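The block underneath contains the structure these notes are about, expressed in structure tokens.
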Amino acid sequence: MNKLLRQPYWFVALLGLSLSACGGSGDDETSPAPIDPVVTYPSYTSIVALGGDTTTFDASNSGHGFSTPSLNLTADELALHLRGDTNFEVSFTTAPNDQHPELDGLGPVFNNADCNSCHQRDGRNSTPFLAADETRVKLGSAAGIFLRISKAPAEPCTVGTADNNYCAPIKVPDFGDQLFHRGVLKARPDWQDNAFVGQADVYLSYERHDEVYADGRTISLKKPIFAVENPYDAPGETLQSANVTSNLLQDDVLMGWRNGMPVFGLGLLEAIPEASILANVDADDSNKDDISGRANWVFDAIKAQNGDSTPVSLGRFGWKANTPSVRVQSLGALRGDIGITNPLFPDESIVGTSLHDSYLTRTGFVDTGEDVNGAPEASAEFSDSVVFYAETLAVPARRNVDKTAVREGARLFEQLNCSSCHTPSFVTKTSGDIGGLPMSESLKGQTIYPFSDMLLHDMGEGLADGRPDFLADGNEWRTRPLWGIGLTQTVNPQAGFLHDGRAATLEEAILWHDGESKTSKQDFMALTQAERDQVIAFLQSL
């Protein structure tokens, strides 16, 4: 790493002043101003290498700023990463595909046909928008957003055991725990009228409200509203039907919308020692700061496959920390979002449902989740490469750390107590496995700055989806890592923020904070316009 980047803030600032005196620009936004000795800046103010030695420094103005391999991979690891890169973008087809059997197995119901569609250029996907003459839009092939579904539990599940399926969401009968709005040609029994429709149609609309700052400035916020119609078990039916019969449209079915999230830096997050994450748990708010992070303990498919009697691990990934590892997250999405079975998830996501049974009977297609050799549709080699790719994408370096607005924004970020949930740094472990396999040397012993405590927090009713997920309740969400967030719309100009893409800007995302973060939001709203701009400048530097 460049030795300059390791220097303390005062050293970098003084060096900037000396360069300015030797003929550099005197512009306050490019050269550091003298430091007020009374002002204390957070230790992370001038940190640049957010991913330690994995950091890439060439992403500033690139639409592919999230797609660089970690810089410290070996030659063999780089080759595996690049194979994974290719496989990440593979678009699967309906079975059977006699010319390319390695590509078939899509669906028969699914959300997208490839990984990249939900994680465009390894970042967030595009937020669906409505034209001026539209009141709602139907989700189709361009949507990277989908719905999680489950039955409401009779009572909150607080301790996971084998008897209660470890508090996993309760599947909707004949549907499962994820709603697939797309389908292959004959996926549905009524396919003549609903070609390429999956389990149901999903429509998106928005409702809006205003937030008003102390200085009178008004910001309009939009909240997505989803309507599910035309389920396969009751074609044409809606919630407004006189007699609702579909399993999907019953009053006790919960739905939570999910947006595809960035996939860089994931291996580093998994390499954070469990004890380091748990050290920040404060479920009872013992320090009385109104922040009470909780851990989510979730079913671990890897442990179950290995015969562990208690297949539960700390949740780290997903919007509600509902998956324990990059491997479970990646291969679960391969099977769930796309319909491609793999060694960890060898059964179709809708196996045993009347929709799948009907599809096999009506079409005669061999699409039971197995290839011609009786193995899962995605090979171990394919699966391993995709997982390793997600584990070893580089974290982009920070930018503009010497600008006054960015430095002041870091100070305000700390003053607003944002760092109580967005914990700046961790050090990754130096030994052990991730996802049940040996950890790459590139991930070991790295000082990283993800700005997340990896824990669950109550974010208030405005963001709530009301749907529990293992130990996470309907108001809780995992703290999103902030690293790379300033490049989000450089990588994809149509990307939105938060779990459903509702926020078009970082400012809007802040204004949706509530619950445990309510005080921080209110304090942000009480700042002057210049100070709010400084907070945003700091976030844009990450």
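Worth pointing out:
- Using 0.36 nm per residue and subtracting the Cα-Cα separation, the extra length available between ASP290 and ASN164 on full extension is 42.3 nm.
- Potential lengthening between THR447 and GLN240 on full extension [0.36 nm per residue; Cα-Cα distance subtracted]: 69.1 nm
- Cα-based helix-to-principal-axis angle, 9-21 vs the chain, degrees rounded to 10: 60 degrees
- Stretched out straight at 0.36 nm per residue, the stretch from ASP215 to LYS138 would grow longer than its current Cα-Cα span by 23.9 nm.
- Relative compactness, the stretch 111-173, computed as alpha-carbon Rg over 2.2 N^0.38 Å: 1.63
- Centre separation in Å (Cα based) which lies between the stretch 151-189 and the stretch 97-113: 24 Å
- Rounded if a/c under 1.5, otherwise prolate or oblate - the stretch 129-260, Cα gyration tensor axes: oblate
- Between helix 354-363 and the chain there is an angle of about 60 degrees, using the helix long axis and the longest principal axis of the Cα atoms.
- Pairwise centroid distance, computed over Cα atoms, of the stretch 292-315 with the stretch 251-273, Å: 15 Å
- Point-to-point label distance, ASP98-THR368, nm (Cα→Cβ direction, 7 Å offset): 2.2 nm
- Spin-label model distance (nm) - VAL281 vs THR430, 7 Å beyond Cα toward Cβ: 2.6 nm
- Estimated FRET transfer efficiency (THR40, VAL351; beta-carbon r; R0 41 Å; 0.05): 0.10
- Dimensionless Rg/Rh of the stretch 282-398 - Kirkwood Rh, Rg from C-alpha atoms: 1.10
- Between 0 and 90 degrees, the angle of helix 529-541 with respect to the longest Cα principal axis of the chain falls at about 70 degrees.
- Rounded to the nearest 20, the Cβ-based charge dipole of the chain about its Cα centre (Lys and Arg +1, Asp and Glu -1) stands at 920 debye.
- Distance-filtered residues of the stretch 305-341 - backbone nitrogen under 16 Å, label point 7 angstrom along SER379 Cα→Cβ: 341
- A protection proxy built from the mean count of other Cβ atoms within 10 Å ranks the segments 97-107, 482-492, most packed first, as 482-492, 97-107.
- Eigen-decomposition of the gyration tensor built on the alpha-carbon atoms of the chain gives equivalent ellipsoid semi-axes of 40, 27, 22 angstrom, largest listed first.
- Positive dipole terminus of the chain, leading residue within PRO224, GLN534, GLY336 (C-beta point charges): GLN534
- The simple Förster model, with R0 at 30 Å and r as the Cβ-Cβ distance, assigns ASP76 and ASN400 a FRET efficiency of 0.25.
- With both labels modelled 7 Å from their Cα along Cα-to-Cβ, the SER62 to ALA526 distance reads 4.4 nm.
- Nearby lysines by direct alpha-carbon distance to LYS429 (threshold 28 angstrom, same-chain neighbours under 8 apart not counted): LYS3, LYS303, LYS320, LYS444
- Note that the stretch 233-248 has calculated 3J(HN,Hα) couplings of 7, 7, x, x, 6, 9, 5, 8, 5, 4, 10, 7, 10, 4, 4, 6 Hz, one per residue in order, obtained from phi through the Karplus relation 6.51 cos²θ - 1.76 cosθ + 1.60 (θ = phi - 60°); glycine and proline are x.
Taken together, the values in this text are just the output of simple stated rules run on the coordinates, not laboratory data. Since the model is a prediction, treat every value here as computed from it, not as a measurement. Reconstructed Cβ throughout: ideal geometry from the backbone, glycine too, with neighbour counts over all protein chains shown.
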